[in-house]
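Let me begin by presenting the structure, written as structure tokens, before commenting on it.
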Amino acid sequence: MDKNKIRLPGGIVGNSRMLAAVSPEGELLRLFWPHIDFPQNIAQFHTGIIIQHPCSDPELLWFHEDIWQHSQIYLENSNILVTTHYSPELGLKVIQEDFVHPQYDVLVRNFNIENLGDDKFFGSFACYNHMKVNDMQRYNTVLYLKERDAFLHYFNNIYFMLGGSRSPMGFQCGNPKGKDCPLIFIKKGLPAGRTCANGICASAALWDLGYISENRTGNITLFIAAGETREKTAEIFKKIKSKDIKELRSEALQHWENYLKAGRSLSLQSGLINKLFKRSLLVLKLLNDRESGAFIASPEFDPRYEQSGGYGYCWPRDSVFTAWALASAGYGSTAEKFYYFGAEVQRKDGLWSQRYYTTGITAPCWGDQLDETGIMLWGIRQHYLTTKNYDFLLKMWGSVKKAAEGLIGKIDSNTFLPRPSFDIWEDSNGISTYTTATVIAGLKAAFNTAKELKEEKLINTKTEDLKELCQNIKLALDNFMWNEAEEYYMRGLINGLADKTVDSSTLGLLFPFKIVDYEDERAQKIIYTVERHLTDEIVGGIKRYQGDEYIKGNPWILITLWLSICCYLTGSRNKAEKYLMWSVKHRNHLDLFAEQVDKLSGQPAWALPLGWSHAMFVLAVLLMEGGNLVDKD
């Protein structure tokens with residue numbers, strides 16, 4: 001297994017069309033364009049310095065290597081990532097800034113090299129770039145364009161132009177596996193000047209830093225501009241290169257500050273919670289495709305499905321939580337656009353597939369999940385109740401009635417339970433308690449929407465019949481899923497037999513669907529059962545279900561936040577705060593929430609950042625801020 005393929009980022013930067021993942025050491029791991037999910041265009045991208053020693057060979061030092069001490073922050077209220085590389089031995093400090101321009105699809109990488117030592121520094125800046133444009137290792141071309149002082153990497157209609165703020169002193173195009181490999185020449189400090197390569201392609205260049213005296217700084221800025229044609233890419237590159245780095249930084253800062261000002265501000269929370277709230281809003285925007293409105297779960301990090309089924313896709317379920325969080329935080333138009341995307345990709349049978357590319361094409365799936373359709377129906381209604389946008393409800397009515405009819409067709413007429421499908425965690429095929437809850441919530445939402453619009457029927461079903469159907473499904477839920485002897489809701493049924501596994505998704509009966517009333521004694525039993533059986537004994541936090549073996553069976557951030565919300569709604573405010581602060585404690589160094597927390601080390605684990613985790617944090621904070629998020633019907 002190639003470990004580089006599943007390396008997790010430290011942080012991400014982007015503009016909702018271009019998305020870049022950067023390691024904790026500042027290495028560019030992935031670059032997604034023209035969409036934030038696909039394709040991924042970077043195989044290897046290294047930056048560093050070559051030190052020219054008086055009586056020995058040049059010494060190449062990549063910034064991501066262990067010779068440096070690394071630290072990393074985001075500039076406040078922005079998606080500008082700053083990585084500092086410091087070497088006491090060399091007496092050098094490098095401050096690296098990464099951000100994507102808000103208007104143009106250009107990754108800006110600015111490097112300030114400061115000499116903190118007693119001697120002059122003499123050397124050059126090095127960049128090695130092995131691209132796999134359109135996620136293709138073969139069929140690529142790279143050219144060095146002298147008139148632009150830049151490399152042009154391309155395949156088909158995807159072009160990337162890479163260059164610096166000034167002309168390089170040497171360059172090389174070649175095959176990273178061949179004798180003309182640019183990396184060979186860069187290590188010698190003598191690029192040979194080859195201007196073209198085809199097939200598997202890489203490029204490298206050196207920029208002269210000259211002498212940097214004590215307490216002085218050298219600077220170089222790299223630009224990676226993207227476009228659909230050579231001419232358009234060159235035009236964008238020229239515009240960006242003509243601007244001073246201070247101007248580019250200012251434009252990016254202003255963009256993100258304006259974005260945050262447009263949303264809701266907190267009044268009751270601590271400085272730390274407020275900071276994480278803002279970071280969550282900034283992250284969720286990066287995970288939103290500007291053109292289609294789709295949200296991805298997380299930037300892809302396991303493209304070969306070596307340990308998972310992949311994360312760089314749009315799940316309707318995750319996206320409803322994200323859209324709800326953003327709408328509640330004041331970004332109703334962003335959330336609304338997702339639902340219009342949902343209407344466009346909805347199947348003819350009224351259901352939604354498991355997941356999609358941001359372009360609307362159905363992504364790799366392994367079966368239907370009825371909970372996705374149920375929560376989409378619920379989410380459409382909830383968005384209307386949050387934003388009061390009646391025109392939105394009118395536009396979505398066609399989608400609502402198709403989805404409701406589709407779900408009705410999946411109800412067993414004998415048991416009134418939904419027919420088997422994959423559960424919320426996508427690893428069990430049966431009739432789950434959570435899925436049943438989403439079907440009730442979705443059909444109830446369709447009923448309320450029809451009444452609001454004064455529609456007497458869906459397509460074939462009378463509106464009034466929906467109310468009775470929901471009641472019958474709720475009775476079936478209690479009859480089949482409630483374990484009377486042990487007083488808890490089981491995970492569900494598999495092949496008609498009780499699956500007595502304790503599953504955290506039963507929290508969905510409380511939040512967000514309120515199938516069980518908060519004052520009902522069963523509400524406390526749901527929480528008690530989850531706490532008792534799913535709390536991790538070493539690091540705390542809540543696991544998905546008993547016997548979970550996925551990635552060690554770690555506790556999950558989003559589930560712990562889910563429990564926090566349920567505790568709050570049922571009156572256990574101290575517990576709610578405890579679980580919220582556990583999640584806060586286990587963020588990464590950039591205030592990003594992962595999917596999981598390693599049950600041995602306590603470090604963030606697996607998908608990072610995970611949109612669903614950040615969405616649950618936003619919802620939890622808004623609820624504790626006094627927001628009336630649920631039960632608005």
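The values are calculated or read from the model by the stated rules, or taken from the named source; none is laboratory data. Keep in mind it's a predicted model, so treat the numbers as computed, not measured. Every residue, glycine as well, gets a Cβ built from its backbone with ideal geometry; the counts of neighbours run over all protein chains shown. Just so you know, the surface numbers come from the protein's heavy atoms only, side chains and all, with ligands and any DNA or RNA stripped out. Shrake-Rupley method; radii C 1.70, N 1.55, O 1.52, S 1.80 Å.
Report, by residue number, each residue of the stretch 155-181 that is in contact (Cβ under 8 Å) with a residue 40 or more places away in the chain, part of a strand (DSSP E or B) and out of contact with any helix residue (DSSP H, G or I) (no Cβ under 6 Å at 6 or more places or on another chain).
Listed by number, the residues that qualify are F160, L162, G163, G164.
What residue, among those in the stretch 240-265 that are touching a Leu at 6+ places or on another chain (Cβ under 8 Å) and among the aliphatic types (A, V, I, L, M), is surrounded by the most Cβ atoms within 10 Å (Cβ to Cβ)?
The selected residue is I240.
Is it the case that some residue within the stretch 562-584 is over 28 Å from E625 (Cα atoms) and touching a Gly at 6+ places or on another chain (Cβ under 9 Å)?
Looking for residues that are over 28 Å from E625 (Cα atoms) and touching a Gly at 6+ places or on another chain (Cβ under 9 Å), one finds none in the stretch 562-584, hence no.
Taking L272, is it more than 27 Å from F111 (Cα to Cα), aliphatic (A, V, I, L, M) and open to solvent by 30 Å² or more (accessible area, probe 1.4 Å)?
So L272 fits the description; yes.
Looking only at helices (runs of 4 or more DSSP H) that fall completely inside the stretch 545-633, which ones have 2 or more residues that are in contact with a Pro (Cβ under 7 Å, 6 or more places away or on another chain) and either of a type in the set (A, V, I, L, M, F, W, C) or under 19 Å from I296 (Cα atoms) (or both)?
Details: elements: 557-569, 573-585, 611-624.
No helices (runs of 4 or more DSSP H) qualify here.
Taking the stretch 124-156 on its own, how many of its residues are more than 25 Å from R304 (Cβ to Cβ), among the hydrophobic types (A, V, I, L, M, F, W, C) and surrounded by fewer than 18 Cβ atoms within 10 Å (Cβ to Cβ)?
Of the residues in the stretch 124-156, 1 are more than 25 Å from R304 (Cβ to Cβ), among the hydrophobic types (A, V, I, L, M, F, W, C) and surrounded by fewer than 18 Cβ atoms within 10 Å (Cβ to Cβ).
If the requirement is being aliphatic (A, V, I, L, M), farther than 26 Å from Q40 by Cα, touching a Leu at 6+ places or on another chain (Cβ under 9 Å) and touching a residue at least 60 places away in the same chain (Cβ under 8 Å), which of these qualifies: A325, A297?
A325
Working only within the stretch 88-132, note down all residues that are assigned to a strand (DSSP E or B), without any contact (Cβ under 8 Å) to a residue 24 or more places away in the chain and not hydrophobic (A, V, I, L, M, F, W, C). Steps first, please.
Kept after step one, since they are assigned to a strand (DSSP E or B), are these residues of the stretch 88-132: 92-100, 106-115, 121-131.
Next cut, without any contact (Cβ under 8 Å) to a residue 24 or more places away in the chain only: 93, 95.
Scanning the stretch 88-132 gives a single hit, K93.
Within the group G193, G218, which residue is exposed (fewer than 13 other Cβ atoms within 10 Å of the Cβ) and either touching a strand residue (DSSP E or B) at 6+ places or on another chain (Cβ under 6 Å) or on the phi > 0 side of the Ramachandran plot (or both)?
Of G193, G218, the one residue that is exposed (fewer than 13 other Cβ atoms within 10 Å of the Cβ) and either touching a strand residue (DSSP E or B) at 6+ places or on another chain (Cβ under 6 Å) or on the phi > 0 side of the Ramachandran plot (or both) is G193.
Just give me the residues in the stretch 222-257 being among the hydroxyl-bearing types (S, T, Y) and either more than 27 Å from the chain's Cα centre (by Cα) or over 16 Å from E97 (Cα atoms) (or both), in sequence order.
Matches in the stretch 222-257: T229, T233, S242.
Please indicate, with yes or no, whether at least one residue in the stretch 227-239 is in a strand (DSSP E or B), open to solvent by less than 10 Å² (accessible area, probe 1.4 Å) and modelled with pLDDT under 95. Show your work before the answer.
From the stretch 227-239, those in a strand (DSSP E or B) are 227; that's our starting set.
With open to solvent by less than 10 Å² (accessible area, probe 1.4 Å) added as a condition, the list becomes 227.
Next, only the ones that are modelled with pLDDT under 95 stay: none.
Within the stretch 227-239 (the criterion being in a strand (DSSP E or B), open to solvent by less than 10 Å² (accessible area, probe 1.4 Å) and modelled with pLDDT under 95), the answer is no, since none of the residues qualifies.
Restricting attention to the stretch 411-428, which residues are touching a Ser or Thr at 6+ places or on another chain (Cβ under 8 Å) and of a type outside the set (S, T, N, Q)?
Matches in the stretch 411-428: L417, P418, F422, D423, I424, W425.
Taking the conditions exactly as written (open to solvent by 10 Å² or more (accessible area, probe 1.4 Å) and free of Cβ contacts under 8 Å to residues at least 24 places away in the same chain), does M581 satisfy them or not?
The answer is yes for M581.
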